[in-house]
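Below: one structure, written as structure tokens.
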Amino acid sequence: MGYGQHQSFYLRVNWLRKAIRQLREEPKFLFKEEAAEQIGLGKNMVQSLKHWVFAAEIVDDKSEQTISTFGDLMNSHDPYIELKDTASIIHYHLVDDKEPCTAWYWFFNHYSIKSSSKEHITNEFLTWINVNETKKPSVNSVKRDIDCLIRLYCEKEKAEDPEEVIQSPLSIIGLLHEEKSIVTKRNMRFSDIGLGALMYCLLRFQEKSEVSSITVNDLEKNELLWGRVFHLQRNEIIKALEELTVHPYYPITFDRTNRLDTIQLPMVSSIEFLENEYKRVTREYL
């Protein structure tokens with residue numbers, strides 16, 4: 001089960017960069033007794049960071065914590081997570097599997113209500129857990145998961161604790177908005193997510209599901225795909241697909257004859273695509 005492993009701390013800006021710097025020298029650094037003092041975080045925050053580096057796929061293994069290819073790419077090209085594409089990919093890593101972030105997986109793939117209170121979200125999640133889990137977490141653990149999820153995506157207001165005003169790197173995407181205790185899933189534009197991230201997610205989905213083609217209906221309605229995990233409406237999905245047909249290195253094929261709306265993806269792995277996409281974006285910024 002993937003509940004409560006964040007110790008009630010949402011991911012902060014610079015945490016992943018700090019972790020990579022230490023893990024590069026010592027893969028099991030976050031398991032050390034003195035890790036908190038050396039990295040400048042509280043002990044519970046280090047436990048939280050141990051969870052986030054695995055959930056965000058900065059490391060390949062939860063126990064060994066060797067830096068992944070994605071972790072290396074992010075650290076080389078966007079260590080401060082300034083690109084929306086990077087933030088969107090990290091978000092996708094949190095939601096594309098039931099483990100280790102079950103609340104994230106459920107909220108972005110199965111919870112379809114656009115605006116609701118935190119209490120309603122929690123109750124609906126508990127109902128889903130009762131149906132889908134044999135070993136159930138405590139109600140308090142579930143409440144902490146939902147609270148952490150909301151704080152990960154919503155911009156923070158003023159707080160007395162300086163650590164609490166530090167933004168999450170995922171707040172730049174703008175997937176959620178909270179006002180007067182109501183949490184809303186925003187309708188997004190494809191440019192809010194980033195074309196590189198959207199293509200990466202398509203390639204990764206293809207690798208995991210072993211499908212040869214994807215339709216617009218799939219993208220709009222199926223779990224793990226754009227409509228659900230990024231809140232993209234059909235018109236934005238089509239705009240993004242049209243842009244990806246003219247990608248300079250890895251164009252997709254978008255067949256709209258007979259209203260089939262079928263997408264054929266290029267023969268490239270998600271991580272190879274991402275490596276070349278980072279290089280392309282870096283050249284454009286120079």
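The values are calculated or read from the model by the stated rules, or taken from the named source; none is laboratory data. This structure is a prediction, so every number in the text was calculated from the model and none was measured. Reconstructed Cβ throughout: ideal geometry from the backbone, glycine too, with neighbour counts over all protein chains shown. Surface accessibility is based on the protein's heavy atoms, side chains included, excluding ligands, DNA and RNA. Shrake-Rupley method; radii C 1.70, N 1.55, O 1.52, S 1.80 Å.
Below are the figures for this structure:
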| item | result |
| --- | --- |
| Enumeration of residues in the stretch 213-243 that are outside any strand (DSSP E or B), out of contact with any helix residue (DSSP H, G or I) (no Cβ under 8 Å at 6 or more places or on another chain) and closer than 21 Å to Asn258 by Cβ | Ser213, Asn217, Asp218, Asn235, Glu242 |
| Selected residue (criterion: most open to solvent (accessible area, probe 1.4 Å)) from residues of the stretch 1-33 that are in a loop (DSSP other than H, G, I, E, B) and out of contact with any helix residue (DSSP H, G or I) (no Cβ under 8 Å at 6 or more places or on another chain) | Glu33 |
| Near pairs, Cβ below 6 angstrom, 6+ apart or cross-chain, from the stretch 122-142 (closer than 26 Å to Ile182 by Cβ) to any residue that is open to solvent by 90 Å² or more (accessible area, probe 1.4 Å) and outside any loop (DSSP other than H, G, I, E, B) | Thr122/Lys143 |
| Residue list for the stretch 216-246, filter: out of contact with any Asp or Glu (no Cβ under 6 Å at 6 or more places or on another chain), of a type outside the set (Lys, Arg) and more than 16 Å from Ile193 (Cα to Cα) | Asn217, Asp218, Asn222, Glu223, Thr245, Val246 |
| Meets criteria (surrounded by fewer than 23 Cβ atoms within 10 Å (Cβ to Cβ) and more than 16 Å from the chain's Cα centre (by Cα)) for His51 | no |
| Residue check for Leu41: more than 22 Å from Ser88 (Cβ to Cβ), in a loop (DSSP other than H, G, I, E, B) and among the hydrophobic types (A, V, I, L, M, F, W, C) | yes |
| Condition check for Tyr250: in a loop (DSSP other than H, G, I, E, B), touching a residue at least 40 places away in the same chain (Cβ under 8 Å) and over 25 Å from Ile113 (Cβ atoms) | yes |
| Sole residue being among the charged types (D, E, K, R) and closer than 26 Å to Ser141 by Cβ, chosen from Glu34, Glu57, Glu26 | Glu57 |
| Tally, over the stretch 59-88, of residues that are open to solvent by 30 Å² or more (accessible area, probe 1.4 Å), assigned to a loop (DSSP other than H, G, I, E, B) and hydroxyl-bearing (Ser, Thr, Tyr) | 3 |
| Criterion: of a type in the set (A, V, I, L, M, F, W, C) and within 12 Å of the chain's Cα centre (by Cα) - qualifying residue of Ile90, Ile81, Ile67 | Ile90 |
| Scope the stretch 253-286; condition among the basic types (Lys, Arg) and touching a residue at least 40 places away in the same chain (Cβ under 8 Å); matching residues | Lys279 |
| In the stretch 93-105, the residues that are in a helix (DSSP H, G or I) and either surrounded by 22 or more Cβ atoms within 10 Å (Cβ to Cβ) or not aromatic (Phe, Trp, Tyr) (or both) | His93, Leu94, Val95, Thr102, Ala103, Trp104 |
| Qualifying helices (runs of 4 or more DSSP H) (wholly inside the stretch 108-208; at least 3 residues being modelled with pLDDT of 95 or more and open to solvent by 70 Å² or more (accessible area, probe 1.4 Å)) | 118-132, 139-153 |
| In the stretch 209-247, the residues that are modelled with pLDDT of 95 or more, farther than 27 Å from Tyr153 by Cα and open to solvent by 80 Å² or more (accessible area, probe 1.4 Å) | Glu242, Val246 |
